[in-house]
C-alpha cells in the first residue's frame, strides 16, 4: 500500500462517518441536532486523529518512514478537514 493511499483512505473514512453522523442526527436529533452533530463528530474525529498519530509513531519506530509520515500527515489532514466539517455540519 502506498503512502498516498493511506491518506486518501483516512480522508474517505472521515467524510463517511461525518456524513453518517449528520444524517442520523438530522433525522433523530430534534431541535438540538446541531449540538449532537458537533459533539459526536468531535469525539470521532479526535479518536481517529490520535489513532493515526499513534500508528505514525509506531511505523516511525519500526523504521518504516514512508508509512509513518503518511499516517502523521493524514492525522494533520484529519484534524483540519474533520473538525472543519464537524463545525460546519453543526452550524447547518
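The values are calculated or read from the model by the stated rules, or taken from the named source; none is laboratory data. Predicted model, so just to flag it, every value in this text is computed and none were measured. Note: ideal-geometry Cβ built from the backbone for every residue, glycine included; neighbour counts use all protein chains shown.
The table that follows gives values for the structure above.
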item: Which numbered condition residue 81 misses (of (1) under 17 Å from residue 3 (Cβ atoms); (2) touching a residue at least 60 places away in the same chain (Cβ under 8 Å)); result: (1)
item: Scope segment 1-25; condition more than 12 Å from residue 85 (Cα to Cα), free of Cβ contacts under 8 Å to residues at least 40 places away in the same chain and surrounded by 15 or more Cβ atoms within 10 Å (Cβ to Cβ); matching residues; result: 13, 25
item: Pair list, Cβ < 9 Å and 6+ apart or interchain, from segment 27-54 residues that are on the phi > 0 side of the Ramachandran plot and buried (at least 19 other Cβ atoms within 10 Å of the Cβ) to residues that are part of a helix (DSSP H, G or I) and modelled with pLDDT of 85 or more; result: none
item: Of the criteria (1) out of contact with any helix residue (DSSP H, G or I) (no Cβ under 6 Å at 6 or more places or on another chain); (2) assigned to a helix (DSSP H, G or I), which one residue 18 fails; result: (1)
item: Members of segment 61-71 that are touching a residue at least 12 places away in the same chain (Cβ under 8 Å) and surrounded by fewer than 17 Cβ atoms within 10 Å (Cβ to Cβ); result: 66, 69
item: Residue under evaluation residue 63, criteria (1) in a helix (DSSP H, G or I); (2) modelled with pLDDT under 95, criterion not met; result: (1)
